[in-house]
Amino acid sequence: MQLFKQFFHLKSGAGLAFLKLEFIRLIYPVKKLFLAFSLIGLLSCGDEEKVKVPKDLLPPAKLTSILADIHLAESRVELMRVSPDTATVVFKRLQAEIFKKQNVSEKDFLKTYDFYLNNIKELDKIYERLVDTLGMREIKVSSTKPSTADTTGASELVDTTGAAELKKEKMLKIRKQMQERKADSKANPQTETKL
């Protein structure tokens, strides 16, 4: 305190009291902000509310199956190396076949997918299942192909060091493609292609 009085050349207690009041006046708003941010932080740490999925939407398992078929169809079209217009027509036809095979209308699919686009955490769960489903399908297909065993008969070892990164990259790519489709369908609601 002596050092404080010497620095500011304060001789009386009135000057010191003035400085204390100024200090309190300056700190009070900071205290309010600190309390406000602390309260917001505590409230944000609460339990997540579970999103209620409306009953008229497709079940998550069915949506996962449809999305897996759609992404496989998309890959087939990409491998065809045709013009973009032809690719769009072929993809629309394949997509219609998928909806018919799954006994789902395109309207119901889009309604369900729009719901999940607005609930990203739920969509992430769907895409985690989708990546697993596609991985299982890949394993099933690769197991039906004749294996390339070496002369000793030992089976090939699969490199899984980057499997998690590949899954995440694939999931992000798929989500981006579906969001682009949604944006395109909202931009052109009257444009429908007849197959």
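Just so you know, all these numbers are worked out from the coordinates, no wet-lab data involved. Computed from a prediction, not measured in an experiment: that's the story for all the values here. All Cβ positions, glycine included, derive from the backbone under ideal geometry; neighbour counts span all protein chains shown.
Could you put 175, 81 in order, starting from the residue whose Cβ has the fewest other Cβ atoms within 10 Å?
The most exposed by this proxy come first: 81, 175.
Calculate one ³J(HN,Hα) per residue across the range 99-113 by plugging θ = phi - 60° into the Karplus curve 6.51 cos²θ - 1.76 cosθ + 1.60, and present them in order as whole Hz with x for glycine and proline.
4, 5, 4, 8, 6, 9, 8, 4, 4, 5, 4, 5, 5, 5, 5
Past 26 Å, Cα to Cα: identify those pairs from 50/176; 100/145; 125/145, in the order given.
As for pairs spanning more than 26 Å Cα to Cα, those are 100/145; 125/145.
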